[in-house]
Amino acid sequence: MRDESIRYLIVPGWQGSADEHWQSHWHRTLPNTARVEQQDWVTPRRESWVSELELSIASSADPVILVAHSLGCVTVAHWAAAAPLELLGKVRGALLVAPADVERSGCPEALRNFAPIPRQPLPFASQLVGSDNDTAASAARAIEMGGNWGSDTAILSGAGHINVASGHHRWEQGFAFLYRLQNRIEQHGRRSA
């Protein structure tokens, strides 16, 4: 990876990522970064969100690392389950933060069309970061999703939904998980060479 240019593709969740959100901070901070922009952030439709993600990946001249939050993580899983091979090959890995359990009881109606959550392993390296007090997904469900997707999984203590409401504005700690993912991608690349 050190000898190839990488595009970081920010994949926000439901209602987008406000200017104070860590994803917006990372968008401003990381070099060669773009954001998936959805037509409707309030009443998301799975098909259109997956299509926008695919369009963003296809339009990148460089290989991409996806940086997804909440419903964006589930969008990544849906995209990977049906994506064409040539586009799957452009994705080097995914950082999946606070995935939303759209199958949970009490899930907002607007998100239920994203169920069921794909259970097959992602065809690229992934790092899932959840929390032991996230109302959008219990630690057990985050671990289950990570296991299904073949992700390295970390559960943070008391981090909530890892968003502005839980005090994560810049989320500098998150860069450690991104670097861990990038190291895993590089190690895999060396083994494959």
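Brief remarks follow.
- Selected residue [of a type in the set (Ser, Thr, Tyr), in contact with a helix residue (DSSP H, G or I) (Cβ under 7 Å, 6 or more places away or on another chain) and within 21 Å of Phe177 (Cα to Cα)] from Ser126, Ser151: Ser126
- Members of segment 8-37 that are among the basic types (Lys, Arg) and buried (at least 16 other Cβ atoms within 10 Å of the Cβ): Arg35
- Taking the numbered list (1) touching a residue at least 40 places away in the same chain (Cβ under 8 Å); (2) in contact with an Asp or Glu (Cβ under 9 Å, 6 or more places away or on another chain) in turn, Cys107 passes all entries but (1).
- Of the residues Pro63, Pro44, Pro84, Pro31, the single one that is touching a Leu at 6+ places or on another chain (Cβ under 8 Å) and not β-branched (Val, Ile, Thr) is Pro44.
- Candidates are the residues of segment 38-95 that are of a type in the set (D, E, K, R) and within 20 Å of Leu181 (Cα to Cα); the one that is surrounded by the most Cβ atoms within 10 Å (Cβ to Cβ) is Arg92.
- Selected residue (only one of Leu181, Leu111, Leu156 is surrounded by 15 or more Cβ atoms within 10 Å (Cβ to Cβ) and under 21 Å from Ser60 (Cβ atoms)): Leu181
- Under the condition of being touching a strand residue (DSSP E or B) at 6+ places or on another chain (Cβ under 6 Å) and within 15 Å of Ile6 (Cα to Cα), the residues counted in segment 172-183 number 2.
Since every read-out is calculated from the coordinates, none of them should be taken as a lab result. This structure is a prediction, so every number in the text was calculated from the model and none was measured. Positions of Cβ are generated from backbone atoms using ideal geometry, with glycine treated the same way; all protein chains shown enter the neighbour counts.
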